[in-house]
Amino acid sequence: MMTATVLVSLMLTGVPKEVGLKVGDTMTAFDPYHVSGPTAGTYTCPVCEYINLPMVQMWVSGGTPEDIAPVARLLDKAVGKYAAKELHTFVIRTVTPQNRDDVAQSLQAFAQLQNLNRVALTVLPTTDHGVSDHKFTGKSIIYVYVRRKITAKFVDFVPTQANLSRLSQEIAKICR
């Protein structure tokens, strides 16, 4: 299903507007606040800290923690499944500077309720350079990457069984 932005882009240019970084691009550094997960309470840069390891980042704007539940559970389980490969996973929730603390508390409570211990739930102000550096303008983007190179990308991910299966397959590829 195409979003209105893609449809308008197609009408104006004949090609869909690129959202976010592209497959093959290099992930750039940023410092989200970790509200849960292995580095909770820090501003650890996922890209810098785990530079050559396989990783998945889900960038999300708006919505509730429950909106990310299926993906967060999948990412949490994947970290356990691929522990030997040192997979790291992150959910980056963009926030206005004014609602950062409220969203952080909500995510922390959600992580405890869902028993999410391995996926890092983070918040990042929309004013942070990381948002513009990653060209994040949509509802959600999932990046799958290893050695900082993006190998797969999902825009406005809908957590259907088929899509979750596709995401799992892409994670398996970077953990070989």
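The values are calculated or read from the model by the stated rules, or taken from the named source; none is laboratory data. For clarity, every value in this text was computed on a predicted model and none was experimentally measured. Cβ placement follows ideal geometry from the backbone for every residue including glycine, while neighbour counts extend to all protein chains displayed. Ligands, DNA and RNA are excluded from the accessible area calculation, which covers all protein heavy atoms including side chains. Shrake-Rupley method; radii C 1.70, N 1.55, O 1.52, S 1.80 Å.
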Grab the range 28-176 and count how many Lys pairs have their alpha-carbon atoms under 19 Å apart, sequence gap of 8 or more, or different chains. 10
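Within a Cβ distance under 13 Å of ILE150, other residues only, what is the Lys/Arg minus Asp/Glu net charge? Can you show the working numbers first?
Values: positive: LYS22, LYS135, ARG147, ARG148, LYS149, LYS153, LYS173; negative: GLU18, ASP25, GLU170.
Computed value for this residue: +4.
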Could you work out the relative contact order of the chain, using alpha carbon pairs under 8 angstrom and six or more residues apart, expressed as a whole percent? 30 percent
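Expressed as a whole percentage, what fraction of the accessible surface of the range 17-171 belongs to carbon and sulfur atoms when a 1.4 Å probe is rolled over the protein heavy atoms? If you can, show how the numbers build up before the last one.
Working: 3620 of 7170 Å².
After summing per-atom areas, the C and S share lands at 50 percent.
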Which residues qualify? For ALA120, with a placed amide H closer than 5 Å and at least 5 residues away or on another chain, they are THR89, PHE90, VAL91
Taking a ≥ b ≥ c as the square roots of the eigenvalues of the Cα gyration tensor, with a/c under 1.5 meaning rounded and otherwise prolate when a/b exceeds b/c and oblate if not, the range 62-104 is prolate
Determine how large the accessible area of ILE51 is when every protein chain is in place; take a 1.4 Å probe and give Å² rounded to the nearest 10. 80 Å²
Options (1) 165; (2) 114; (3) 95 for volume of the Cα convex hull per residue in Å³; the value derived from the coordinates is listed as (2)
Rank these residues by their accessible area, most exposed first, probe 1.4 Å: TYR33, TYR43, TYR50, TYR145. TYR43, TYR33, TYR50, TYR145
